[in-house]
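Visitor: I have a structure I would like to understand better, so I am pasting it below and will then ask my questions one at a time.
The values are calculated or read from the model by the stated rules, or taken from the named source; none is laboratory data. These numbers come from a predicted model, not from an experiment. Because the Cβ atoms are built from the backbone with ideal geometry, glycine has one as well, and the counts that use them run over all protein chains shown.
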Amino acid sequence: MTVRLVRRVCHVYGPTGAATLQAAVAVFFSYAPDFGSKLLSDRRVEEARIVTRCPCSIALALVAASPLSAVTAVEEPPIPSSDFEFALELKQSDLNAIRMDVLQRFPILAASPGIKFARGERGFLSGGSAHVVFFPHSETRGVKNALQAHCLRDTAESQWSCPIVETRRYVELDTQDYEVRVVADIDLDGVLALKEATNPLMLATRPSPSVDTLMVIFAVESGYIVGWGSEDERETVTLQARLRDGGHAANAGDWNVSVFRRD
């Protein structure tokens, strides 16, 4: 769901056309794999149809406007289909082809036991997109390292290609059971500092005491989005953190924190 990722997709696949929005939807599911059918309302589905004929900037706007409560989603095993209107069943052959495409460029994937989550979306004209999260391939200091891929194909008969492959980390903290999902270039000390820095504002703005778990950190152009939520994922607080000029990421006092606003 990050605008930065969508811009990268637009750069690879051109400024217009269905492929751009397909990739944007894939990015959206990167942070909301279980909530896609809930969050993309009928109105947004209609907007999606319109965006297939619009410039990339409009696709960016649509994704940026998606509710950020989605960032608290928890992965499930690969699912064949759903009630989402554009759901695409990913067959085992599709998953094998995607894994092979990623493995050729990222040999470290060989250490992963397989696919943790996979979601496919039908193309608006043809083809489709997929978002795939692999099981972790390594672990260091309580941080599990995994790969996630955003993939596309032009037609149902063409090969899958995954132009965006990035590291997705699961950070175990002593203070909570939920592993923090991190899609950002920040280490364990930085995660701990961000938790400490964002905690006061989270407490001041949370809708209920059930919001007490740090769930996700991901990078955007202006800093980091930090998502807190309840363990049942019904309520969330979304904050934005920026490192002060000359600041150190491992120092909680060097972070400027504000409530994230989509405007």
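Visitor: In the list 99, 105, 153, 141, which residue meets the criterion of being within 25 Å of residue 227 (Cα to Cα) and among the charged types (D, E, K, R)? Explain how you work it out, then say what you get.
Guide: On the way: 99 fails: within 25 Å of residue 227 (Cα to Cα); 105 fails: within 25 Å of residue 227 (Cα to Cα); 153 fails: within 25 Å of residue 227 (Cα to Cα).
Being within 25 Å of residue 227 (Cα to Cα) and among the charged types (D, E, K, R) holds for just one of 99, 105, 153, 141, which is 141.
Visitor: Okay, next question. Considering only residues that are more than 17 Å from the chain's Cα centre (by Cα) and under 23 Å from residue 235 (Cα atoms), look in region 156-177 and name the one that is surrounded by the fewest Cβ atoms within 10 Å (Cβ to Cβ).
Guide: If we filter region 156-177 for residues that are more than 17 Å from the chain's Cα centre (by Cα), which is where we start, we get 156-161, 172-177.
From the residues that got through so far, the ones that are under 23 Å from residue 235 (Cα atoms) too are 172-177.
On the way: 172: 15, 173: 16, 174: 6, 175: 9, 176: 14, 177: 8.
Among residues in region 156-177 that are more than 17 Å from the chain's Cα centre (by Cα) and under 23 Å from residue 235 (Cα atoms), the one surrounded by the fewest Cβ atoms within 10 Å (Cβ to Cβ) is 174.
Visitor: Then there's this: Against the condition within 20 Å of residue 233 (Cα to Cα) and outside the structural domain of residue 255 (by TED's automatic domain parsing), how does residue 182 come out, does it pass? Walk me through how you get there before you give the answer.
Guide: Working: within 20 Å of residue 233 (Cα to Cα): yes; outside the structural domain of residue 255 (by TED's automatic domain parsing): no.
So residue 182 does not fit the description; no.
Visitor: Another question, if that's okay. If you check residue 183 against the conditions, is it modelled with pLDDT under 95 and closer than 19 Å to residue 133 by Cα? Can you show your working first?
Guide: Values: modelled with pLDDT under 95: yes; closer than 19 Å to residue 133 by Cα: yes.
Here the answer is yes, as residue 183 does meet what is asked.
Visitor: Name every residue in region 137-155 that is under 26 Å from residue 195 (Cβ atoms) and either surrounded by fewer than 18 Cβ atoms within 10 Å (Cβ to Cβ) or touching a Ser or Thr at 6+ places or on another chain (Cβ under 6 Å) (or both), in order of residue number. Show your work before the answer.
Guide: Going residue by residue through region 137-155, those that are under 26 Å from residue 195 (Cβ atoms) are 137-148.
Result: 137, 138, 139, 140, 141, 142, 144, 145.
Visitor: Starting from region 192-205, keep only residues that are charged (D, E, K, R), then list their pairs with residues that are surrounded by 13 or more Cβ atoms within 10 Å (Cβ to Cβ) whose Cβ atoms are within a distance under 6 Å, requiring at least 6 positions of separation or different chains.
Guide: 195/214; 196/252
Visitor: Can I ask one more? Of everything in region 240-256, what is of a type outside the set (A, V, I, L, M) and within 22 Å of the chain's Cα centre (by Cα)? Give them in sequence order. Walk me through it before giving the result.
Guide: Filtering region 240-256 for residues of a type outside the set (A, V, I, L, M) gives 240, 242, 244-248, 251, 253-256.
240, 242, listed by residue number.
Visitor: Every residue in region 196-222 that is β-branched (Val, Ile, Thr) and in a loop (DSSP other than H, G, I, E, B), please.
Guide: At the first step, the residues of region 196-222 found to be β-branched (Val, Ile, Thr) are 198, 205, 211, 213, 216-217, 220.
The one that is β-branched (Val, Ile, Thr) and in a loop (DSSP other than H, G, I, E, B): 211.
Visitor: For region 39-145, give me every one of the helices (runs of 4 or more DSSP H) that falls completely inside it and has 1 or more residues that are at pLDDT 50 or above, over 30 Å from residue 188 (Cβ atoms) and in the same structural domain as residue 192 (by TED's automatic domain parsing).
Guide: Numbers: elements: 42-51, 56-64, 92-105.
It comes to none.
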